[in-house]
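Everything below concerns the one structure shown next.
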Amino acid sequence: MRSKIPSFIMIPSFLSVIIFMLYVFFVSYNHISYLVHPVTIFFVSITTILLYILESINNLIFRKKLQSFSKEERKKIFEENEGNYFYRLYKFIFYDYKRMTHNEVKKIDHGFDGIIELDNKLPMWWIHLFYLTIVFSAIYFFSYLLIDYSNPYKEYDIAYKNQLKEIEIFEKNSPQVTIENASFKENLINSGKILFDENCATCHQSDGSGNIGPNLTDDYWINKKEKDLFKNIYSVIWNGSVNNPTMRAFGKSGEIKGNDIEKISSYVYFINKKSKKPLAGKAPQGIKITKWSKM
Ligand code: HEC
């Protein structure tokens, strides 16, 4: 009766396994962190302490009971229960193995070559580790097969969605640039070109030389709303053209955000200021403006 695993070890271990299973099978895997939730830890610790007290009381009662046994019986029981549980566990794991290797080794005689093979018993820790791998693989196999736990595609899906959400939150919380604080930035030109290709190239050509929309690389402008060239470009993209609704209000309508308009404007400003202009461009439209105020 005494050599059993003490309840204050047995029950919390079972409890942990059960809680773990519950989380694995009923809660999606990204809530596993609840396992180390303070409430769970508190609950398991209290249970362990209570069980430990119970075990101690049990021990005391057992000692009292021992006195009624005969000397022989008592000696036998003491030998079996030498030390505390951990000592017995240690003995169970290593001691038997040692004894086997010392004197009770099975020998297999091959006969034909005169070599004798020693057939050592496998140590307990090794055997149990082996069983553990079987249990582990079974759990892993079925959880992979039947539920989303440990499914890399699902994990990727969720991570991807979370990331998109984070980006959305970030963009909501980080204020967008407005015409007041927008300015030409050289490091925005490249990302601006990508956005220009997506949104504007159909009407203005990728190099800005013009198509349905006017040539953006020359000095002729139909729309002049701002004194500064960069701000003028920003303004047209934000408000669209008053004269011609074909050039729509990308910013006002919410189609393109302020930060992106700053990037596109930087690209347009850049191709307009470049000394090397596209060879073939749309004929000038509007009035020639070369004197823009400095930003
Ligand atoms: C559907 C065709 C179309 C698209 C798409 C378009 N534009 Fe335009 N854009 C025009 C037209 C047409 C004009 C001339 C408006 C006018 O006559 O006032 C114009 C004018 C402009 C002007 C002012 C040119 C001037 O001389 O006043 C700028 C700058 C400009 N567009 C930039 C852009 C940018 C940047 C984009 C992409 C975000 C874009 N456009 C997308 C057709 C378009």
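The values are calculated or read from the model by the stated rules, or taken from the named source; none is laboratory data. Since we're looking at a predicted model, the values are computed, not measured. For neighbour counting, all protein chains shown are included, and Cβ atoms are generated from backbone atoms with ideal geometry for every residue, glycine included. Remember, those area values only see protein heavy atoms, side chains included, never the ligands or the DNA or RNA. Shrake-Rupley method; radii C 1.70, N 1.55, O 1.52, S 1.80 Å.
Does Lys231 satisfy the condition of being over 22 Å from Lys282 (Cα atoms), surrounded by fewer than 16 Cβ atoms within 10 Å (Cβ to Cβ) and of a type in the set (Lys, Arg)?
no
Has segment 241-248 got any residue that is assigned to a loop (DSSP other than H, G, I, E, B) and touching a residue at least 24 places away in the same chain (Cβ under 8 Å)?
Step one: of segment 241-248, the residues assigned to a loop (DSSP other than H, G, I, E, B) are 241-248.
Subsequent filtering for residues that are touching a residue at least 24 places away in the same chain (Cβ under 8 Å) retains 246-247.
Yes, segment 241-248 contains at least one residue that is assigned to a loop (DSSP other than H, G, I, E, B) and touching a residue at least 24 places away in the same chain (Cβ under 8 Å).
Mind listing whichever residues of segment 177-190 are touching a residue at least 40 places away in the same chain (Cβ under 8 Å) and open to solvent by less than 100 Å² (accessible area, probe 1.4 Å)?
Val177, Thr178, Ile179, Ala182, Ser183, Phe184, Lys185, Leu188, Ile189
Output the residues belonging to segment 274-295 that are closer than 15 Å to Tyr220 by Cα and out of contact with any Ser or Thr (no Cβ under 9 Å at 6 or more places or on another chain).
Of everything in segment 274-295, those that are closer than 15 Å to Tyr220 by Cα and out of contact with any Ser or Thr (no Cβ under 9 Å at 6 or more places or on another chain) turn out to be Ala283, Pro284, Gln285, Gly286, Ile287, Lys288, Ile289, Thr290, Lys291, Trp292.
If you go through segment 143-176 one residue at a time, how many are within 19 Å of Ile256 (Cβ to Cβ) and surrounded by 11 or more Cβ atoms within 10 Å (Cβ to Cβ)?
2
So, in segment 242-252, exactly how many residues are within 10 Å of the ligand (Cβ to nearest atom) and open to solvent by 20 Å² or more (accessible area, probe 1.4 Å)?
Number satisfying all stated conditions: 7.
Going by the structure shown, is Lys252 assigned to a loop (DSSP other than H, G, I, E, B), of a type in the set (Lys, Arg) and touching a strand residue (DSSP E or B) at 6+ places or on another chain (Cβ under 8 Å)?
no
Against the condition without any contact (Cβ under 8 Å) to a residue 24 or more places away in the chain, within 6 Å of the ligand (Cβ to nearest atom) and open to solvent by 10 Å² or more (accessible area, probe 1.4 Å), how does Asn223 come out, does it pass?
no
Kindly establish whether Ser209 is more than 6 Å from the ligand (Cβ to nearest atom), open to solvent by less than 50 Å² (accessible area, probe 1.4 Å) and either at pLDDT 95 or above or outside the structural domain of Ile271 (by TED's automatic domain parsing) (or both).
no
Would you check which residues across segment 117-142 are of a type in the set (Val, Ile, Thr) and open to solvent by less than 70 Å² (accessible area, probe 1.4 Å) and list them? Spell out the reasoning first.
Let us first name the residues in segment 117-142 that are of a type in the set (Val, Ile, Thr), namely 127, 133-135, 139.
The answer is Ile127, Ile139.
Which one of these is within 7 Å of the ligand (Cβ to nearest atom) and open to solvent by less than 60 Å² (accessible area, probe 1.4 Å): Ile256, Ile261?
It is Ile256.
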